1. Using θ = phi - 60° and the Karplus curve 6.51 cos²θ - 1.76 cosθ + 1.60, what whole-Hz ³J(HN,Hα) does each residue of the stretch 92-105 get, with Gly and Pro shown as x?
2. What is the extension gain from GLU34 to LEU266, computed as 0.36 nm multiplied by their sequence separation minus the C-alpha to C-alpha distance, in nm to one decimal?
3. With every protein chain present, what accessible area does SER38 have (1.4 Å probe, heavy atoms only), rounded to the nearest 10 Å²?
4. Which residue, ALA44, ASN5, ALA25, has the largest displacement toward the positive end of the dipole of the stretch 1-50 when charges sit on each Cβ (Lys, Arg +1; Asp, Glu -1)?
Amino acid sequence: VTAANLREHQTKCSAETALAQNRDATRLMGIQDEEAASLDKEQAAAAASLKARQDEILRMLSDRHNQDALSYKKQLEEQKHFEILAENCGDMISLHKGTNGIFRYCSPSCAALLGYNSDELKGHSFQEFIHPDHAEEVQKELEGFVRASLQSVVRKVKHGQDVTVPGQDNTLRPQLFRLCRRDGTNVWVERTVKVMLSKIVTNLQHDTVDGTPPSGSPKVEDEYEMELLYVTRDVSQRVAMEETQRRTERLQATATTAAQVKRDFLAFIGHECRNPLNALFNITDFLADTSLDDQQRQYL
């Protein structure tokens, strides 16, 4: 009986244990199913968010591409108009990167001004043609202008302004100096310098004086390229006329001074001679009224 009771008890315990394990397994499976469902929802939400972000990025890239395409087309049109204007202009128009003055473009009028065509100027610097008497002063003024212009650009970028719009601080006052021509002669020119900025990938901080950032100047993000636009005009006739006018004015001033000196001299001589002569005439008249013999009257 005891053994039968023991077996019955063991059977009952095994059944209860199995039942408990089944309940635990069912509960665990339910939790796993809930977690799996929750994970599926999160993954679905993440996938939807990722797809939305990808769609947004693609839309932004498409808009940017369209904007870049329009900007590029506009730049091509402006470049074409610029080339037409430059080729039909009597002034020499040239583009340079940095203040080293290396020619990137030069209008055909360079042949009349310097004696070189535009192909011959490629790889050469504008600085090579400046007369030695003016080279140092002209270059120093240009570098100072570029530094000040870049600092102005940095301030505009910080304030969200469009730095590609030309302003008064982007243009250097006309510089007057001599250029050395191919035939060995010199020509007086007047040069205007303008800073040109365009939105491309070149880093502005490397496009400064001789390709190095100026000391004390903040850095600018890689969004702009700087070029210097030179408009150089032959002013030899004007300088010659001004020199002739100055020479004429000097001659007129000299003639006026000489005439005044002559007048002063004549006035001085007239004053210094008139008084003694008047005294001499009066004395002679007095002597003539006195008793004189014939010989004395003859001498008088």
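The values are calculated or read from the model by the stated rules, or taken from the named source; none is laboratory data. Small disclaimer: the values here were computed from a predicted structure and weren't measured. FYI the Cβ positions are ideal-geometry reconstructions off the backbone, even for glycines, and counts take in every protein chain you see. All accessible areas refer to the heavy atoms of the entire protein, side chains included, with ligands and DNA or RNA removed. Shrake-Rupley method; radii C 1.70, N 1.55, O 1.52, S 1.80 Å.
1. My calculation for the stretch 92-105 gives 7, 10, 9, 10, 9, 9, x, 7, 6, x, 5, 5, 9, 7 Hz in order.
2. On the way: separation 232, 0.36 × 232 = 83.52 nm, distance 12.83 nm.
Between GLU34 and LEU266, full extension yields an extra 70.7 nm.
3. Number for this one is 60 Å².
4. ASN5
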